[in-house]
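See structure below.
The values are calculated or read from the model by the stated rules, or taken from the named source; none is laboratory data. As the structure is a prediction and not an experimental result, all values here were calculated from the model. When we count neighbours, we look across all protein chains shown, and the Cβ atoms used for this are built from the backbone with ideal geometry, even at glycine.
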Amino acid sequence: MPAPEADLAKLETVVNERAMPPKLFRLVHWTTGLRTDDQRALLDWIASQRRAYATRGVAPEFANEPVQPLPDSLPTDTGKVAVGRQLFNDVRLSADNTISCASCHTLSTGGVDGKKVSSGVGGQLGLVDAPTVFNAALNDKQFRDGRAATLQEQAGGPPLNPVEMASRSWSEIIDKLKQDSSLTQQFLTVYRDGWSGANITDAIAQYETTLLTPSRFDAYLRGGQACAE
C-alpha cells in the first residue's frame with residue numbers, strides 16, 4: 001500500500017528545502033543533514049510511491065506531481081445516472097414537496113445555493129452552507145464535517161433530516177414516487193429489486209458522480225497545449 005499523498009508531499013518539501021535537521025541545529029552540528037545521494041534516494045522513493053496516485057492519462061512529465069488532473073469521467077451506469085438526475089431534481093423527496101437536492105445544490109450557480117446557511121422545509125435554517133456538488137465524487141469524505149464516507153451515504157441524509165427535507169421515512173417518500181408510473185418503470189428497469197432508500201440514494205450518487213469539471217489546466221496536465229491566459 002503506497003504512503004498517503006499528504007505524507008509524500010510533506011516529506012518531499014522537507015527534502016527539497018533541507019528543512020531537517022533544523023537550521024539552528026546545523027549551526028552547531030554543521031556536518032549533519034542529508035547527503036546528495038540520500039536526497040536522491042528519498043526523492044526517487046517518493047516518485048515510486050506517487051505513481052500509485054497518478055491519474056490515468058496524465059502526461060509522463062507530470063506523473064510525479066502532487067497536483068493531478070481531474071478525471072474526465074468516472075465509472076457509472078448510464079441508466080442509473082438518468083434516474084438519479086430526475087431524483088436529484090425531485091421535490092417529492094421532501095415532506096411538503098418543496099425541496100429537492102437541486103434546491104441547495106443549484107448547478108447553474110456552482111453547485112451551491114449562495115446562502116450563508118441553507119434553508120429547508122418551512123424555511124427552517126440549517127447550521128452550515130451547502131458545499132458544492134461539483135467534483136464531490138472525488139472527496140475523501142462528504143458533508144462539511146466529513147460524517148459521510150460516500151456520496152450514497154451523503155444522499156441519504158437530507159431527505160430524512162427534520163430541518164432539511166423533513167420526510168419521516170423512505171416509505172413515505174417511496175409511496176409518493178410510486179404514483180409516478182413513468183418514473184417507476186424507468187426505476188425498475190435499472191433496479192430490478194424495486195424501490196428502496198438504498199436504491200434511491202445509489203441513483204442520486206451515480207448522477208452526482210458525473211458532475212466533474214475538468215478545466216484547460218487539467219487538459220494541460222494530460223499533455224495538452226499550455227493554458228490560454
Scanning for something surrounded by 11 or more Cβ atoms within 10 Å (Cβ to Cβ), part of a helix (DSSP H, G or I) and not small (Gly, Ala, Ser), does the range 58-69 turn up at least one residue? yes
Residues in the range 181-190: is at least one in contact with a helix residue (DSSP H, G or I) (Cβ under 6 Å, 6 or more places away or on another chain), under 17 Å from SER100 (Cβ atoms) and not acidic (Asp, Glu)? yes
Only one of (1) in the same structural domain as GLY111 (by TED's automatic domain parsing); (2) farther than 30 Å from TYR207 by Cβ fails for ARG40. Which number is that? (1)
What's the number of the only condition in (1) over 18 Å from VAL81 (Cβ atoms); (2) part of a helix (DSSP H, G or I) that GLY223 fails to meet? (2)
Can you confirm whether ASP140 is in contact with a Cys (Cβ under 6 Å, 6 or more places away or on another chain) and either closer than 19 Å to THR209 by Cβ or surrounded by 14 or more Cβ atoms within 10 Å (Cβ to Cβ) (or both)? no
Kindly list, by first and then second residue, each pair from a residue in the range 16-30 that is over 19 Å from ASP44 (Cβ atoms) to a residue that is among the basic types (Lys, Arg), limited to pairs with Cβ atoms under 9 Å and residues at least 6 apart or on different chains. ARG26/ARG18
Looking at SER196, is it at pLDDT below 95 and either in contact with a Ser or Thr (Cβ under 7 Å, 6 or more places away or on another chain) or closer than 24 Å to HIS105 by Cα (or both)? no
Applying the selection to the range 127-153, what residues are within 11 Å of the chain's Cα centre (by Cα) and either closer than 20 Å to ASN89 by Cβ or part of a helix (DSSP H, G or I) (or both)? PRO131, THR132, VAL133, PHE134, ASN135, ALA136, ALA137, LEU138, GLN142, LEU151
Within the group ARG40, ARG50, which residue is without any contact (Cβ under 8 Å) to a residue 24 or more places away in the chain and among the basic types (Lys, Arg)? ARG40
Failed criterion for PHE187 (all others in (1) closer than 16 Å to SER94 by Cβ; (2) buried (at least 17 other Cβ atoms within 10 Å of the Cβ) hold): (1)
If LEU188 passes every condition in (1) part of a loop (DSSP other than H, G, I, E, B); (2) farther than 30 Å from PRO66 by Cβ but one, which one does it miss? (1)
Residue selected from the range 1-25 under the condition of a type in the set (A, V, I, L, M, F, W, C) and part of a helix (DSSP H, G or I), by the criterion nearest to the chain's Cα centre (by Cα): ALA6
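Filter the range 90-118 down to residues that are in a loop (DSSP other than H, G, I, E, B) and surrounded by fewer than 16 Cβ atoms within 10 Å (Cβ to Cβ) and give me whichever is nearest to the chain's Cα centre (by Cα). Explain how you work it out, then say what you get.
Taking the range 90-118 as the starting set, the residues that turn out to be in a loop (DSSP other than H, G, I, E, B) are 90, 94-100, 105, 110-111, 113-118.
Still in the running and surrounded by fewer than 16 Cβ atoms within 10 Å (Cβ to Cβ): 96-98, 110, 114-117.
Working: ASP96: 29, ASN97: 27, THR98: 26, GLY110: 14, GLY114: 19, LYS115: 21, LYS116: 21, VAL117: 20 Å.
So, considering only residues that are in a loop (DSSP other than H, G, I, E, B) and surrounded by fewer than 16 Cβ atoms within 10 Å (Cβ to Cβ), the one nearest to the chain's Cα centre (by Cα) is GLY110.
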Which pairs have Cβ atoms under 7 Å, sit 6 or more apart or on different chains, and link a residue in the range 156-182 that is closer than 14 Å to ALA95 by Cβ to one that is exposed (fewer than 12 other Cβ atoms within 10 Å of the Cβ)? none
If I ask for residues that are surrounded by 13 or more Cβ atoms within 10 Å (Cβ to Cβ), among the basic types (Lys, Arg) and either at pLDDT 90 or above or under 19 Å from PRO66 (Cα atoms) (or both), which ones from the range 12-53 would you list? ARG50
